[in-house]
Amino acid sequence: MEKNKSLVARLNSVNEYEQEAIPANKLKGWRSFLGTYAGEHTAGTEFVIGPLFVAHGASAIDLVTGLILGNILAVLSWAFLTAKIAVKTRVTLYYLLEKIAGKRFTLIYNLVNAGLFCFLAGSMIAVAATAVGIPFDMAMPQLTDVYPNNLGWVLTVFAVGTITTIIAMFGFDQVSKFAMVAAPWMIMVFIAAALAVLPRLGVTDAGSFWSVAESTIWTGVPLEGQSKFGFWHILFFAWFCNMAMHIGMADLSLLRYAKKWQYGFSSATGVFLGHFIAWIASGILYSLFLIESEGSLTFAPGPIAYSAVGVAGAICVVVAGWTTANPTLYRAGLAIQSINPRWKTWKVTLFVGLFTTIAACFPALVMMLLEFVALYGLILMPVGAVIFIDVYLLEKMGLTSNYAQVSGKRLNSAVAVTWLVTLAFCLLLNLMVGVEIFFLGLPGWFVAVLVYVIASKITQRK
Amino acid sequence: MKKLLIKLLSFIGLGLNIVPAMLVFSAEMTPDTCKQLMLAGTILWFVTAPSWMNKGQEDASRE
């Protein structure tokens, strides 16, 4: 038991007081949240997402306006949905979910989360591998690649995956601290890399940036085989790329330490540094690569950053990929361990690391990162809608909130039905009506709310 | 005093990552010099910053 406790403590300091509300003297000030959000949202994914917007033919005006509005909506979601509930309840998502949905549902949720974590970590291992492979003149993956196309790639991915897994098995605390140290430096490297290559794109002063941005960087023309992204794609992607964290309520674990719900607005540092400046910077780098390589379909953040700012750029790609992959892998291991807490942590992490590394060998994981990130948020979103209704509406409707805890049930069927029906609805909307995955979260949330209210009425009447 | 000096070195390291790129943009420095200075800045940052950056957090968690 004691061993298990230290394990959770190692996972993340925010997992203290997991089964109780945070005491008043442990609450944190706004500065703590500014730093945490800025660090968390400048990561390895940023090296992929910015270039993918270029590949999908986003125009300059669509990109800038879409990102500004989408990021504002994300910040509002963090403040008005997540932070308000976090301050009201002061418990983690997992504890709240256990009270509402029951232990069995939380277990299923954890496993789904673990699977998604593995794929996210896998894509970051692949990103880091593109930088590690530079000295070995490794053949880099192509934008259209699905399967690994050379032995060098597989060996490099396995080398990075092995190191990441071993560190995840033994040293989460140090990686977490290292990530905090690396965050300000990474932001500087992103900005510096973009600034340093602008003259090569024809930008000689600040005044000429916009015309080059429109004509050369974000031309509005997608690359061969890529779908076209417009304003709404960008807006919804920026809003929903962290849907699991805000609307999906995963950040209850973090924001429950906030003295006031208004601290949710501190997420603005993360989204405007990571999801605005870093995406624009990495898009600029990729655009230059496309021009200088005459439209090559090679998609490798490592060599692109190396070409812009040398060794510092390559190190930045490795560090960004690694500091994202490592805690993600560790969390995936812990989520799987929740099936049977007697399993050894290192064995579970080893298994998860092996699975993740095999997944990382498939370049499709990186090339389809936009779709994957959207899917990740979508799958976890219904749980956030359930929590929102349970906290604010259920008692006002004469129903019981925290129903699993009150009734002693291990599985609140209203939550399970809500999850399944919402995801089935989104799938049908995608397959039958052709609504793209980036837009499914919004109608899905309202469906989840409606289904949960109806299902709760039926379940609780019994 | 020592802590202040280390912090100063950290911020110089951070500055070495951004100022040379600005100078490349304004055509006052070559990209190769910028790359070397950025590497030097990176090393300086990672050598000095860990000694003070996580301290605040640790202190706060001990409160």
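The values are calculated or read from the model by the stated rules, or taken from the named source; none is laboratory data. Just so it is clear, the model here is predicted, and its values are computed rather than measured. Neighbour counts run over all protein chains shown; Cβ positions are idealised from the backbone, glycine included.
Taking the criterion of being modelled with pLDDT of 90 or more and among the polar types (S, T, N, Q), the residues of the range A:166-214 that qualify are A:SER208, A:SER211.
Residue check: is A:SER227 among the hydroxyl-bearing types (Ser, Thr, Tyr), in contact (Cβ under 8 Å) with a residue 40 or more places away in the chain and within 18 Å of A:PHE33 (Cβ to Cβ)?
Values: among the hydroxyl-bearing types (Ser, Thr, Tyr): yes; in contact (Cβ under 8 Å) with a residue 40 or more places away in the chain: yes; within 18 Å of A:PHE33 (Cβ to Cβ): no.
No.
Evaluate the following for A:MET180: is it surrounded by 15 or more Cβ atoms within 10 Å (Cβ to Cβ), assigned to a helix (DSSP H, G or I) and more than 9 Å from every other protein chain (Cβ to nearest Cβ)?
Working: surrounded by 15 or more Cβ atoms within 10 Å (Cβ to Cβ): yes; assigned to a helix (DSSP H, G or I): yes; more than 9 Å from every other protein chain (Cβ to nearest Cβ): no.
For A:MET180, the condition - surrounded by 15 or more Cβ atoms within 10 Å (Cβ to Cβ), assigned to a helix (DSSP H, G or I) and more than 9 Å from every other protein chain (Cβ to nearest Cβ) - is not met.
For the range A:268-290, the set of residues classified as at pLDDT below 95 and of a type in the set (Gly, Ala, Ser) consists of A:GLY270, A:GLY274, listed by residue number. Considering the range B:12-50, and only residues there that are of a type in the set (Phe, Trp, Tyr) and within 9 Å of the chain's Cα centre (by Cα), the residue that is nearest to the other protein chains (Cβ to nearest Cβ) turns out to be B:TRP45.
Based on what the data block shows, is A:ILE387 of a type outside the set (Lys, Arg), surrounded by fewer than 24 Cβ atoms within 10 Å (Cβ to Cβ) and at pLDDT 95 or above? Explain how you work it out, then say what you get.
Numbers: of a type outside the set (Lys, Arg): yes; surrounded by fewer than 24 Cβ atoms within 10 Å (Cβ to Cβ): no; at pLDDT 95 or above: yes.
No; evaluated as a whole, the condition is false for this residue.
Summed over the range B:47-63, residues that are out of contact with any helix residue (DSSP H, G or I) (no Cβ under 7 Å at 6 or more places or on another chain) and either modelled with pLDDT of 90 or more or of a type in the set (Phe, Trp, Tyr) (or both) total 1. Has the range A:237-247 got any residue that is crowded, with 17+ Cβ neighbours inside 10 Å, within 14 Å of another protein chain (Cβ to nearest Cβ) and not polar (S, T, N, Q)? So far as the range A:237-247 goes, no, none of its residues is crowded, with 17+ Cβ neighbours inside 10 Å, within 14 Å of another protein chain (Cβ to nearest Cβ) and not polar (S, T, N, Q).
Being closer than 30 Å to B:ASN17 by Cα, more than 22 Å from the chain's Cα centre (by Cα), of a type outside the set (D, E, K, R) and within 14 Å of chain B (Cβ to nearest Cβ) narrows it down to one residue among A:ILE134, A:ILE187; which is it?
Working: A:ILE187 fails: more than 22 Å from the chain's Cα centre (by Cα).
After applying the criteria, what remains is A:ILE134.
A:PRO199 fulfils the conditions (1) away from chain B (no Cβ under 14 Å); (2) more than 19 Å from the chain's Cα centre (by Cα); (3) not in a loop (DSSP other than H, G, I, E, B) except for a single criterion, (1).
Might you let me know whether the range B:29-51 holds any residue that is of a type in the set (Asp, Glu) and either over 14 Å from A:ALA308 (Cβ atoms) or touching a residue at least 40 places away in the same chain (Cβ under 8 Å) (or both)? Within the range B:29-51, not a single residue is of a type in the set (Asp, Glu) and either over 14 Å from A:ALA308 (Cβ atoms) or touching a residue at least 40 places away in the same chain (Cβ under 8 Å) (or both). Among the conditions (1) over 30 Å from A:THR89 (Cα atoms); (2) surrounded by 21 or more Cβ atoms within 10 Å (Cβ to Cβ), A:MET169 misses just one, which is (2). Being in a helix (DSSP H, G or I) and within 22 Å of A:PRO301 (Cβ to Cβ) holds for only one residue in A:LEU111, A:LEU116, and it is A:LEU116. Close Cβ contacts (under 6 Å, 6 or more residues apart or on different chains) running from residues in the range A:321-344 that are crowded, with 24+ Cβ neighbours inside 10 Å to residues that are in a helix (DSSP H, G or I) and aromatic (Phe, Trp, Tyr) comprise A:THR328/A:PHE117; A:TYR330/A:PHE172; A:ALA332/A:PHE117.
Which residue is farthest from the other protein chains (Cβ to nearest Cβ), if the candidates are limited to the range A:22-42 and must be under 16 Å from A:ALA320 (Cα atoms) and of a type in the set (Gly, Ala, Ser)?
Step one: filter the range A:22-42 for residues under 16 Å from A:ALA320 (Cα atoms), giving A:36-42.
Filter once more, keeping what is of a type in the set (Gly, Ala, Ser): A:38-39.
On the way: A:ALA38: 13, A:GLY39: 10 Å.
Checking each candidate, the answer is A:ALA38.
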